[in-house]
Amino acid sequence: MVISLSLPDLNANLTQIPVTILDVETTGVSPRRGARVIEVALLQVQGNRVVAQLDTLIDPQAPLDPRAMAVNGITGGMLAHQPTFGAVLPQITAILASGLVVGHNINFDLTFLQAEYGLLGQSLPPLLALDTLPIARKYYRFPRNNLQTIAQALQIKADRFHRAMADVQVTAGVFDYFRADRGLETVQDWLSAQGKPVWRGVTPG
């Protein structure tokens, strides 16, 4: 299967193009220390319509860190017989093909995806990243800038936190709130408000 990869027009309205919200759960804090992805969720929306989604646990083929398990509640038993990252890589690449990805502290998620692609001898597709974290830091005064605190302050309902699709859905709500509240209509509007690029994979301009 050949997938056409593209980057979005910077002047495109954020409600009229595919926007992919991403979150991963991992065995630890850094792929440089051997941590691996154990859950990935992507939700691609265009306006109010869901275009594509993926929500899956991943067998990391590596030990779990008890500290990570304490945060996300994902156990080794839950990962038994789940697909490896390589098995779902084509689906991930297909959803990311639109080139625009959103997350809360998105550099963390993309660094892990990049590492997983690298272990398979492949490269993460070029991506333009929009991050809700720098918007929260620059324009709001939340008690803390983690996703849970922001969601509670904005009264965004969440079934749980620290599971990939649950965090994706909350991030989508935060993204929509910031976009409307700050008048960030286009990709360029968000990039300008965000400041410096948050992902080294693509430099806008």
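Quick one: is residue 93 of a type in the set (S, T, N, Q), at pLDDT 95 or above and in contact with a Ser or Thr (Cβ under 8 Å, 6 or more places away or on another chain)? Quick ask: steps written out before the conclusion?
Details: of a type in the set (S, T, N, Q): yes; at pLDDT 95 or above: yes; in contact with a Ser or Thr (Cβ under 8 Å, 6 or more places away or on another chain): no.
The answer is no for residue 93.
What tally of residues in the stretch 82-113 results from selecting those that are in contact (Cβ under 8 Å) with a residue 60 or more places away in the chain, touching a Leu at 6+ places or on another chain (Cβ under 6 Å) and more than 17 Å from residue 62 (Cβ to Cβ)?
9
Looking at residue 9, is it under 18 Å from residue 101 (Cβ atoms) and modelled with pLDDT of 95 or more?
Numbers: under 18 Å from residue 101 (Cβ atoms): yes; modelled with pLDDT of 95 or more: no.
Spelling it out, it is not the case that residue 9 is under 18 Å from residue 101 (Cβ atoms) and modelled with pLDDT of 95 or more.
Scanning the stretch 152-205 for residues that are part of a loop (DSSP other than H, G, I, E, B), within 17 Å of residue 105 (Cβ to Cβ) and of a type in the set (Gly, Ala, Ser), which turns out modelled with the highest pLDDT?
Ranking the qualifying residues of the stretch 152-205, first place goes to 195.
Pairs under 6 Å by beta carbon, first residue over 16 Å from residue 101 (Cβ atoms) in the stretch 33-58, partner surrounded by 17 or more Cβ atoms within 10 Å (Cβ to Cβ) and of a type in the set (Lys, Arg), six or more apart or different chains?
From the stretch 33-58, no pairs qualify.
Would you call residue 193 exposed (fewer than 14 other Cβ atoms within 10 Å of the Cβ), over 26 Å from residue 39 (Cα atoms) and over 15 Å from the mean Cα position of the chain (by Cα)? Lay out the reasoning, then the answer.
Working: exposed (fewer than 14 other Cβ atoms within 10 Å of the Cβ): no; over 26 Å from residue 39 (Cα atoms): yes; over 15 Å from the mean Cα position of the chain (by Cα): yes.
In short, no.
Condition first: out of contact with any strand residue (DSSP E or B) (no Cβ under 6 Å at 6 or more places or on another chain), surrounded by 22 or more Cβ atoms within 10 Å (Cβ to Cβ) and in contact (Cβ under 8 Å) with a residue 40 or more places away in the chain. Can you find one or more residues in the stretch 119-127 that meet it?
Initially, the stretch 119-127 is screened for residues out of contact with any strand residue (DSSP E or B) (no Cβ under 6 Å at 6 or more places or on another chain), giving 119-126.
From what's left, surrounded by 22 or more Cβ atoms within 10 Å (Cβ to Cβ): none.
No.
Is at least one residue of the stretch 43-53 among the basic types (Lys, Arg) and farther than 30 Å from residue 71 by Cβ?
Initial filter on the stretch 43-53 (among the basic types (Lys, Arg)): 49.
Adding the requirement that they be farther than 30 Å from residue 71 by Cβ leaves 49.
Yes, the stretch 43-53 contains a residue that is among the basic types (Lys, Arg) and farther than 30 Å from residue 71 by Cβ.
Sort out which residues of the stretch 62-78 are among the aliphatic types (A, V, I, L, M) and buried (at least 18 other Cβ atoms within 10 Å of the Cβ), and write them in order of number. Even if it seems obvious, please write down each step before you answer.
Just the residues of the stretch 62-78 that are among the aliphatic types (A, V, I, L, M), to begin with: 62, 64, 68-71, 74, 78.
64, 68, 74 - these are the residues of the stretch 62-78 that are among the aliphatic types (A, V, I, L, M) and buried (at least 18 other Cβ atoms within 10 Å of the Cβ).
Just checking, does the stretch 42-61 include any residue being surrounded by 13 or more Cβ atoms within 10 Å (Cβ to Cβ), among the aliphatic types (A, V, I, L, M) and not in a strand (DSSP E or B)?
yes
Within the stretch 130-176, count every residue that is more than 17 Å from the chain's Cα centre (by Cα) and either at positive phi or not acidic (Asp, Glu) (or both). Walk me through how you get there before you give the answer.
Our first condition is that a residue be more than 17 Å from the chain's Cα centre (by Cα); within the stretch 130-176, this holds for 137-144, 149, 152-157, 159.
From the residues that got through so far, the ones that are either at positive phi or not acidic (Asp, Glu) (or both) too are 137-144, 149, 152-157.
Qualifying residue count for the region: 15.
Name every residue in the stretch 137-151 that is farther than 20 Å from residue 169 by Cβ, without any contact (Cβ under 8 Å) to a residue 24 or more places away in the chain and assigned to a helix (DSSP H, G or I), in order of residue number.
Answer for the stretch 137-151, where residues must be farther than 20 Å from residue 169 by Cβ, without any contact (Cβ under 8 Å) to a residue 24 or more places away in the chain and assigned to a helix (DSSP H, G or I): just 137.
Are any residues in the stretch 147-168 surrounded by fewer than 19 Cβ atoms within 10 Å (Cβ to Cβ) and under 23 Å from residue 189 (Cα atoms), and if so, which ones?
154 - this is the single residue of the stretch 147-168 that is surrounded by fewer than 19 Cβ atoms within 10 Å (Cβ to Cβ) and under 23 Å from residue 189 (Cα atoms).
Conditions tested, residue by residue: (1) touching a Lys or Arg at 6+ places or on another chain (Cβ under 8 Å); (2) among the polar types (S, T, N, Q); (3) under 21 Å from residue 132 (Cα atoms).
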residue: 10; (1), (2), (3): no, no, yes
residue: 14; (1), (2), (3): yes, no, yes
residue: 28; (1), (2), (3): yes, no, no
residue: 34; (1), (2), (3): no, no, no
residue: 40; (1), (2), (3): no, no, yes
residue: 47; (1), (2), (3): no, no, yes
residue: 53; (1), (2), (3): no, yes, yes
residue: 70; (1), (2), (3): no, no, no
residue: 75; (1), (2), (3): no, yes, no
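The values are calculated or read from the model by the stated rules, or taken from the named source; none is laboratory data. Given the structure is predicted, the values throughout are model-derived calculations rather than measurements. All Cβ positions, glycine included, derive from the backbone under ideal geometry; neighbour counts span all protein chains shown.
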